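The values are calculated or read from the model by the stated rules, or taken from the named source; none is laboratory data. The shown structure was predicted, so the numbers you read here are calculated from the model rather than taken from an experiment. Every residue, glycine as well, gets a Cβ built from its backbone with ideal geometry; the counts of neighbours run over all protein chains shown. When the accessible area is computed, the model is the full protein with side chains, heavy atoms only, and any ligands, DNA or RNA have been set aside. Shrake-Rupley method; radii C 1.70, N 1.55, O 1.52, S 1.80 Å.
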Amino acid sequence: MKKIALIAAMSLAALASCTKNETAPSVTDQQEITFASPIMSPATKAATEIADNFPTENNFAVFAHYYESGYTTLAEGIQYMNNVQVTSGATPGTHGSWGSNPAYYWPKVGSLTFAAYAPYMATGATYDATGIHFTDYQIADLAENQIDLLFSERAYDKVSTDQKDNNLYYYGVQINFLHALSSIKFKVAMDPTLAASTLDYEFVVTKIDILNAYSQGDFNQNLTDGKDNVTPTAASGDWFDYQDETDYVAYNDATTGISLTDATAKETVTGLNATNLILLPQKMKHESATDVKVRVTYKMRHKYMNEGEYITTVSEVSLDLSDSVKEWLRGKRYVYTLTLGLEEIRFAPKVEAWEEQTVTDLPTIK
């Protein structure tokens, strides 16, 4: 906290020495820098991911640079907020609901350009002319501990907390967050032909694993420095310098499992009722020649088997099943529908030649 206060003091001192006009607000005309509930890129809400409204229990980190006559390049600005934690807590109508402690105030002249990432405790986060970076970011092993890592577009040339929502409350600086990771979701279904069989099959999926996925890497937002630049479309180069091939459990319920008795696809459930894993964007084929795979464990029965008796099967297939999905990209959700089926049991009859056998000692017919 002392470090943040010192940075703020140094920033204000630098502003006073580098501009002809007063840049700090007067004592009688202070306006606190506050933030709107951040805007999220579209996604379906799950327990471990953030979608739509930014949760009030979460926090994010903010960078801000000061410009006397508007943004030019990052290097030409004066650092005003450096990795400052922003939390929710204020009452709507009191100049926004998200702010910092200690509070930061708007310069009386000039403008501020902002950038942010979330959550605040994300390791390896830095900010420079090319945007937000994460170095050696590690994906948690368990789905319930995985974090929806976010980074923001730059918010250029803001001068005051004067944007209002429909209720005329002060709404704060808009922060538009993007997902840095990929979302992986599974559905399971029975093969339609088998579902139509008079044998009344039942499949019970008990576990789904993703095998050999990278769990650590570096991220670069890849901004081109300049006025009003936005993040480029998701591409292979966003994440790089991968390490650690890891297996992840996407679904695991050996007791109940997911029962399939028809061709209707059912969603799996991971962790704390989440519907997906949140993993590093990556190619399905690694430089180590190890492919990312999915392993499905299930059991099956048909109506002529004894009640409660199942045959257990383990299936392992490559995720690189389509030319259109050779890699996961950031901000994308990949939904894999796994169809369980059986090859029809066929018979190949073979008739052996008769071999004559003489039977002796027959009883006498009376």
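Tabulated results
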quantity	calculated
Neighbours by Cβ (under 9 Å, 6+ apart or cross-chain): first from the stretch 309-322, over 19 Å from residue 336 (Cα atoms); second modelled with pLDDT of 75 or more and part of a loop (DSSP other than H, G, I, E, B)	311/305
Where a residue in the stretch 57-83 is within 14 Å of residue 158 (Cα to Cα) and its partner, wherever it lies, is charged (D, E, K, R), with Cβ under 6 Å and at least six apart	70/157; 71/157; 71/227
Qualifying residue in the stretch 298-311 (condition: within 23 Å of the chain's Cα centre (by Cα) and either over 21 Å from residue 334 (Cβ atoms) or not in a strand (DSSP E or B) (or both))	no
From the options 258, 311, residue that is among the aliphatic types (A, V, I, L, M), over 22 Å from residue 149 (Cβ atoms) and open to solvent by 40 Å² or more (accessible area, probe 1.4 Å)	311
Residue 72 within 19 Å of residue 230 (Cβ to Cβ), surrounded by fewer than 21 Cβ atoms within 10 Å (Cβ to Cβ), in contact with a Lys or Arg (Cβ under 9 Å, 6 or more places away or on another chain) and at pLDDT 90 or above	yes
Residue 135 within 28 Å of residue 77 (Cβ to Cβ) and not in a strand (DSSP E or B)	no
Single residue of the stretch 118-143 satisfying the filter (within 16 Å of residue 214 (Cβ to Cβ) and out of contact with any Gly (no Cβ under 8 Å at 6 or more places or on another chain)) that is least open to solvent (accessible area, probe 1.4 Å)	139
Test: residue in the stretch 226-238 that is at pLDDT 95 or above, part of a strand (DSSP E or B) and open to solvent by less than 30 Å² (accessible area, probe 1.4 Å)	no
Residue selected from the stretch 95-117 under the condition open to solvent by 70 Å² or more (accessible area, probe 1.4 Å) and part of a loop (DSSP other than H, G, I, E, B), by the criterion nearest to residue 276 (Cα to Cα)	101
Test: residue in the stretch 80-92 that is among the aliphatic types (A, V, I, L, M), at pLDDT 95 or above, open to solvent by less than 20 Å² (accessible area, probe 1.4 Å) and farther than 19 Å from residue 54 by Cα	yes
Residue in the stretch 162-177 that is of a type in the set (Asp, Glu) and modelled with pLDDT of 95 or more present	no
